[in-house]
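> Just dropping this structure here.
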Amino acid sequence: MSNQYKLVSCIINGKKVEKMVDVRASLTDMLRDDYRLTSVKKGCEVGECGACNVIIDGECFNSCIYLAVWAEGKEILTLEGLAGPNGEISDIQQAFIDEAAVQCGFCSPGFIMSAVEILEAKREFSDDEIRKLLSGHLCRCTGYENIFRAVKKTMLRRLGKDAEADLV
Amino acid sequence: MYDMKALYEAESVQHAIQLLIEHPEAQIIAGGSDVLVQMREGKRAGKELISIYMIDEMRGISYEEDGAIRIGSLTSFSHITKDPIIKEHINVLGEAVDMVGGPQIRNIGTIGGNTCNGVTSADSASTLHAWDAVVEITGPEGVRRIPIHEFYIKAGVVDLKPGEIQTAIIIPKKSYEGYKGHYIKYAMRNAMDIATTGCSVNVKLSEDKKTIEDVRIAYGVAGPVPMRAPSAEETAKGKPVSKETVKVFAKAVLEDINPRDSWRASKAFRQHIAVVLAERALKESIRLAGGEVDE
Amino acid sequence: MYVGKKVTRVDAYDKAIGRTKYTDDLCDKGAYIAQILHSTIAHGKVVSIYTSEAEKIPGVIKVLTCFDLEEKHYFPTAGHPWSTDPSHQDVADRLLLTDEVKFYGDDIAAVVAEDEVAAAQALRAIKVEYEEYPFVLDVQEAMKDGAPQLHKDYPNNILKHTTINKGNYAEAIKEPGLTKVEGWYETPVVQHCHIENFICTAEMEGDRITITASTQIPHIVRRVVGQALGIDWGRVRIIKPYIGGGFGNKQDVLYEPLCAWLCMQVGGHLVKLDVPREDTFVSNRTRHSIRSHIISWVRPDGTFAARKLEAFSDQGAYASHGHSIVAKGAGAFPQLYPCDNVEVDAYTVFTNKSVAGAMRGYGIPQAMWAVESHTEEVAAKMGMDPIEFRRQNLMPVGYTDPFSKNEMYYDTFNQCLDKAMAEIDYERKYKEYQNQTGDIRRGIGVSVFWYNTAVWPISLETSSCRMVLNQDGSLQVQVGETEIGQGADTAYAQMAADVIGVPMDKVHVVSCQDTDVTPFGTGAYASRQTYTAGFSIRQTGLLLKERILEYAHELTRMPSYNLDIIDGEIVRVTDNRVMMTLGELATEALYSLTNSKHLTAESTAQIKSNAYSFGCTIAEVEVDIPMCKVKLLDIVNAHDAGKLINPALAEAQVHGGMSMGIGYGLSEKLIFDEKTGRALNNNLLDYKLSTFMDHPRLKAVFVENEEPTSAFGTKALGEPPACSVAPAIRNAVYQATGVGVNEAPVNPHNLFKRFVEEGLF
C-alpha cells in the first residue's frame, strides 16, 4: 500500500498528545515505538497473554489487537502513568513489590493495570471474582499466587480492612 | 503493525454502507479480536479494512416499542453482562458472554463480531439461537430482519449481502417473557478458552411449576454452525417436570446434533458431553424458573 | 545478616514501575527486521526456493536461503559447558538454515526487511519446492527397522542407549511369592511458555559482532555463535539484559547465530529477530515426551525384590540436550526407591517433531510421572497405604550415591511428608475419601520427587565472581550465573553483603550480563545458581575483605586480624571501636597520593560437589465423572532445599513450579498432526497453560536442613517444585475414582477414554 498516516490525538498518562500514526499500527506499536512506553509488552500479539494490557477510558484492553487510530479522543493509562508527580508509586505497585508478586517481570505491567481497574471499582470482590477479573493474563513464574495476594490485600486496605488484609 | 492495504473509518452506519459499496473487497472490522488475529496469521493479510468500531450509534441496549430487547451490534460483551435490561430479562446471555476469553477480550469483543464471523463456538450464538433472536441487517436497500438461525449459512458464512452490515440483535418479547435459562460452556480451562461444546437451555414452566410449557436448547460446536435440538425440545414440551423428562430430553439431543472428530475433541467425547450438558442445563433452567426436579 | 531473611527483590521496584529494559526495549527503532521461513513438510529435501517475488516487495532488504550458506559449520545448541574431550561434546547437527528438512517448522530461509509487514509479506511470497520423504512421529515406530531415518549416523534413529545394571534382575525375580506390577506411563510434549518470546538483535562494530539476546547462557551463546559462523569466539559479544523467563528453552542456543549471520549479510546493520509465539512453540525447544515401562517385583512385606525400567525419550528432530534428559531420570530410578536388583534401559530417539531440549526439571518431571504413578499402583496392589508404602521404601538416611557422592544426610522425605500432610490435613481427607460413589468424588494424592543440584560430576561446575569497591564503600558484584526472573541477583546481593559485612543496599549486583566484561560462567540451569555462585561469591568476598582489611591496617596500624567489617564500617574487634567507614577507606584507597589502590577481587570456584534436593507434593481434587473434569481443590509442596537464602523468593519460586506442574498434570500438551507432522495448537489459546482460574491457593512449606557441601547451606530449588505435582494430581484422581490415568495430562480427553475403558459410563 501507499503509506497511510493519520493524526491521532489522545490523552496518554494524563498528558494530551498527538502524533501522525501509521494506520497499520496497533496501539502496542504506537505506545512502544512512538511514545517509548515500553512497559507495554509483546507476548503473543493476538490478545491471549495480556502482557500489553492498558486502560482505555477506564477499561482494560489488550493493546496488541487494538488499532492505534482507535485511540483518537481516548484517555489511555499505562503502567508508566501510575506514578505520582514526584515519582511516588501507587499502593498496588508497592503491594506487588512487598508480596514478591514480581519475578521475571514481563507480565507484571499488564497485571498491575488490570488490578488498577479492579481497585477502581471500589468494592470488595470474592476470591473467585478476583481470579476471574485477572484471568486475561498468563504468567509462568508466579503461579498467580502472590499476584492474588497483592491484589486482594490492596483491595481490602483501600476498603479500610487492614486487619483482614494482613491475613490474606 | 498489521498488513492491511488500506483502512477506511466509518463514521455512521450510512457511511459504512457507502464505504462497503465503494470497496466491495474490504473486510469489516468491529472490535478486531478476530479480524486482526486472522490478518496477522496471513489469512486476511493485504486486505482493505472498513472500521466500524467508532460508530457509537451501534452500541447499547434498549427496549423497542413492542418490548423487544435491542442490542446494538457493537455492544461489547462486558457491557452486555453489566446491562440492567439484560440482567432482568435474559441474564443467561450476560452470563454466556462473560465466559468469552478473558476480561480484556470481553471489553473489545462485540456481539456483532461474535455472530458475523459465523463460527460455531461463539459463546453468544447458542444462547441467541435458544432465545429465537432476530438479526437486524442494514444495507443499501434499507433494514431487514431475519431469524438468527437463517443468518448462519454455513461455517464462517453469514447472510450479509454486498453493502450490508449487521446493526443489531433483537430478542422479541415473546421469546424472553416467562423464560429462564442457563448456559454451560464446556472448555478445557476456566478462562481464555473457546468452547469445546456450549449448551444453552431455557424453559417456561406452568404456573404451578410442575409442567414444562416450553423448552428450547441450542448448541455451539455440535455442528458446523450453532444449532437447535428440535427433537429434544419436542420430547419435553408439555411434559411434567421430572427426572425422567430431563433424561429423555438429554438423550434425544443425539438425534439432532452432529459434532465432528477433530484434534480438539473426538466425536464420541463431544456427544457424551452434549448429553451431560443438556441434562444439567435443563435442570438448572428449571430451578431458575422456580421448578424442582426430584433426585 | 541478610541470608535467611525475606528481603525485597533488588529488581522489584523497576519491574513494578515498568522501567526494566528487556531486549526489545533496548533495540533502536532503525533495526531491520528478520523473519524465518519454516518448512511446511515434516521430512524431506528442499529442492529449490524461489525468492524473486519476495525480493520485489518494497522494504525487503535481503532474502537468504539454505542455499546461500557458503560454508557449512555444523554446531551444537545445548547450553552445556563445552567439553574439551570430543567424545563428551554435544552433537553438532544444526546449520543456520538447512535444505535437509527434519520437522515441520525447520529453518530453511530468512528475510531481512525494513519492517515486519514487508518481512511477513516476503515470507508469504517465497515459493519452495520440496522432495518429500516419509516421516515418523512416534518413538517406538521410529526405532523399527525400515522407519524413516533422520540422521545417517544414528541407525534406527537411536541417538543414544544407556543401561544401568545393579544386582541380578533375572535371578531376583525367581524369588517365590513375589507380586509383579507392570505399567506403561507417558508424558506429553509441552513447552516452556515464558511470556517473553525468544528475541535477539545483532549489530557489527569493527570486525566484532554484538548480540543482545534473551538467553539464560550468554557465555555459551558466544562460543556457539563462534562455532556456527566459523569465526573466533572473541569476536562475539553477547549482552543479556533482563529476560522475561526462560525455564530451559533459553538454555539452548536458539537464533543468535542466525541473527548474527543475517546481520553480517546486510553490512553489519542492526537486525532484530523477534520470534512469534507460534514459532516459539514449534521452532524453539520443547520438553521431551517420555514413554516409560516399569516392572516391579514386590515381596509380601512390601519391599522391592527387583525393578526394571525402560524409558523411551522423544528427542524430536535434532539432538539439542539429547540423552542427558532421560539419563537424569533413569539415574534417579535406582536411587529414589533403592532396590538390590535393578535394570534400566534408556533410549533417546529422533522423530520428525519439534526439537526437545531442557525444560524445568530436566527429565525428572517425566521420570516422577512414571515412577510415582507406578508406586501408587504397587501400593494399591499390595493393599498398603500409599504414604506408608513410600516411607518404607524411600531412600534412607545415610544413602550415598557412588557416582555423584551425593549423600542423604537427613530424614528429608519423612520430614517433608509430615509437613505437607499436616498442612493439607491429609489423614482426615484420605480416610474421608475412601470408597466413594456418585458422580462427583474427591481424592487426595501424594508424590515425592528426586532431584539433585547442578551438573557435577557429569559436567563441569565452575563459577567466577568479580567484586569492585567504589569510592563510597559500595560495591559492584558480577557473576556468570544469570538472573532470569528467579531472583538470583537478590540472593547474590544477600550473600555478598553478609560475606563482606556491608548493608545490602551497598551491594550492586550487575544484572545485565556482557561477555566482554562479565566473569566467565555457564549461565542459568540445573537449579545451580544459588548453590554454585555461592562458592565464588563467598570466596571472592573473603578475598576482597582481606584486601580491604590489609589496607585498613595500613591506615590504622592495627593488625588486620583485629579488624573486621561490620555493617559497612571498619571495626576493631578487640573493643568494637569503629575506626572508619568503609566509604572513607575506599575514598582514601582510590585517591591516596602515597598508596593508591583500586580494591577489587576476582576468583573462580570450581565445584566438585553436588547435593540432593528432595520433597513432595500432596494434591486434593474433585472429579466430576460425567463431565470428565478434575478440579484442583488444594495443593501443597514441601521442599528441603537446605537453608533458604530468601524465604519469600523461595516460596514464590515454588509457586511457579507448582503452577507449571499443574499444567503438566491437567491440561498442557502440544499436539502434532498425524497426517502432516504440523503442530496443531501452537498458540496460547489452544495450548492449555493454566490460567488464574485453574488454580487453588498454592501452598509451599520447607524443611531447612543445612546442606553441608554448600557455601551457604543451600541447594536446588529452581526446578524441584515442578517435579512431583503432576503425579500427585494423578494419584488424587486415582483415589477419587479408582481409575489410574497413566498418560499425562489428566485432561477430559484422557479421562473420557479411561472412564469408558473402565466402564464408568
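> Applying the selection to region A:18-61, what residues are among the acidic types (D, E) and in contact (Cβ under 8 Å) with a residue 60 or more places away in the chain?
Correct list: A:E48 only.
> Shifting gears a bit: Checking the condition among the charged types (D, E, K, R) and under 21 Å from C:P276 (Cβ atoms), which residue from A:K6, A:K42, A:K74, A:K19 passes?
One residue alone meets the criteria, A:K42.
> Here is a further query. Kindly provide the set of residues from region A:113-168 that are assigned to a helix (DSSP H, G or I), more than 14 Å from chain B (Cβ to nearest Cβ) and among the basic types (K, R), ordered by number.
A:R149, A:K152, A:K153, A:R157, A:R158
> Can you tell me which residues in region C:240-271 are away from every other protein chain (no Cβ under 11 Å) and in a strand (DSSP E or B)?
C:K240, C:D252, C:V271 - these are the residues of region C:240-271 that are away from every other protein chain (no Cβ under 11 Å) and in a strand (DSSP E or B).
> Moving on. Would you mention how many residues in region C:357-401 are of a type in the set (K, R) and surrounded by fewer than 22 Cβ atoms within 10 Å (Cβ to Cβ)?
Going through region C:357-401 one residue at a time, the tally reaches 2.
> Looking only at region A:87-105, which residues are closer than 18 Å to A:L77 by Cα, at the interface with chain C (Cβ under 7 Å from one of its Cβ atoms) and not in a helix (DSSP H, G or I)?
A:I89
> Out of region B:2-21, which residues are out of contact with any strand residue (DSSP E or B) (no Cβ under 8 Å at 6 or more places or on another chain) and more than 10 Å from chain A (Cβ to nearest Cβ)?
B:E11, B:S12, B:Q14, B:H15, B:Q18, B:I21
> Go through region C:652-669 and give me each residue that's in contact with a helix residue (DSSP H, G or I) (Cβ under 6 Å, 6 or more places away or on another chain) and either outside any helix (DSSP H, G or I) or closer than 12 Å to C:H192 by Cα (or both).
C:G657, C:M660, C:G661, C:Y664
> Test of understanding: among C:T351, C:T286, which residue is surrounded by 24 or more Cβ atoms within 10 Å (Cβ to Cβ), touching a helix residue (DSSP H, G or I) at 6+ places or on another chain (Cβ under 8 Å), touching a residue at least 12 places away in the same chain (Cβ under 8 Å) and more than 26 Å from C:S404 (Cα to Cα)?
C:T351
> Would you pick out the residues in region B:43-63 that are assigned to a loop (DSSP other than H, G, I, E, B), surrounded by fewer than 19 Cβ atoms within 10 Å (Cβ to Cβ), in contact (Cβ under 8 Å) with a residue 12 or more places away in the chain and within 13 Å of chain A (Cβ to nearest Cβ)?
Answer for region B:43-63, where residues must be assigned to a loop (DSSP other than H, G, I, E, B), surrounded by fewer than 19 Cβ atoms within 10 Å (Cβ to Cβ), in contact (Cβ under 8 Å) with a residue 12 or more places away in the chain and within 13 Å of chain A (Cβ to nearest Cβ): B:A45, B:G46, B:M54, B:R59.
> Quick check, is B:S231 without any contact (Cβ under 8 Å) to a residue 40 or more places away in the chain and touching a helix residue (DSSP H, G or I) at 6+ places or on another chain (Cβ under 9 Å)?
Against the criterion (without any contact (Cβ under 8 Å) to a residue 40 or more places away in the chain and touching a helix residue (DSSP H, G or I) at 6+ places or on another chain (Cβ under 9 Å)), B:S231 qualifies.
> Does region B:261-295 hold any residues that are without any contact (Cβ under 8 Å) to a residue 24 or more places away in the chain and basic (K, R), and which are they?
Those that are without any contact (Cβ under 8 Å) to a residue 24 or more places away in the chain and basic (K, R): B:K267, B:R287.
> If you don't mind, there's one more thing I want to ask. Identify the residue in region A:46-70 that is crowded, with 24+ Cβ neighbours inside 10 Å and either at the interface with chain C (Cβ under 9 Å from one of its Cβ atoms) or among the small types (G, A, S) (or both) and, among all such residues, is nearest to A:V8 (Cα to Cα).
Residue satisfying both the conditions and the ranking: A:A68.
> Got a sec? Which strands (runs of 3 or more DSSP E) wholly within region A:1-73 have at least 2 residues that are closer than 23 Å to C:K21 by Cα?
A:53-56, A:59-62
> So which residues in region C:222-239 are over 24 Å from A:C141 (Cα atoms) and either hydrophobic (A, V, I, L, M, F, W, C) or part of a loop (DSSP other than H, G, I, E, B) (or both)?
C:V224, C:V225, C:A228, C:L229, C:G230, C:I231, C:D232, C:W233, C:V236, C:I238
> Filtering region C:416-459 down to residues that are in a strand (DSSP E or B) and out of contact with any helix residue (DSSP H, G or I) (no Cβ under 8 Å at 6 or more places or on another chain), which residue is surrounded by the fewest Cβ atoms within 10 Å (Cβ to Cβ)?
The selected residue is C:I440.
> Output the residues belonging to region C:751-761 that are free of Cβ contacts under 8 Å to residues at least 60 places away in the same chain and either surrounded by 20 or more Cβ atoms within 10 Å (Cβ to Cβ) or at positive phi (or both).
C:G759
> Run down C:L698, C:L685, C:L649, C:L717 and say which single residue is more than 10 Å from every other protein chain (Cβ to nearest Cβ) and either in contact with a helix residue (DSSP H, G or I) (Cβ under 7 Å, 6 or more places away or on another chain) or surrounded by fewer than 22 Cβ atoms within 10 Å (Cβ to Cβ) (or both).
C:L717
> Can you confirm whether region B:89-99 contains a residue that is within 14 Å of chain A (Cβ to nearest Cβ), out of contact with any helix residue (DSSP H, G or I) (no Cβ under 8 Å at 6 or more places or on another chain) and surrounded by 22 or more Cβ atoms within 10 Å (Cβ to Cβ)?
no
> I would also like to ask the following. crowded, with 24+ Cβ neighbours inside 10 Å and either part of a strand (DSSP E or B) or assigned by TED's automatic domain parsing to the domain that holds C:V378 (or both): does that describe C:T201?
Here the answer is yes, as C:T201 does meet what is asked.
> I would also like to ask the following. Here is a list of conditions, (1) modelled with pLDDT under 95; (2) on the phi > 0 side of the Ramachandran plot, and C:S404 meets all of them except one; can you say which number that is?
It fails just one condition, (2).
> Residues to consider are C:I662, C:I625; find the one that is within 12 Å of chain A (Cβ to nearest Cβ) and within 27 Å of C:Q436 (Cβ to Cβ).
C:I662
> With respect to C:L159, is the statement that it is among the aliphatic types (A, V, I, L, M) and either assigned to a loop (DSSP other than H, G, I, E, B) or farther than 30 Å from C:A722 by Cβ (or both) true?
no
> Still on this structure, please answer the following. Can you report the number of residues in region B:64-95 which are under 15 Å from B:R106 (Cα atoms) and free of Cβ contacts under 8 Å to residues at least 24 places away in the same chain?
Total satisfying the criteria: 4.
The values are calculated or read from the model by the stated rules, or taken from the named source; none is laboratory data. These numbers come from a predicted model, not from an experiment. As a convention, Cβ positions derive from the backbone with ideal geometry for all residues, glycine included, and neighbour counts pool all protein chains shown.
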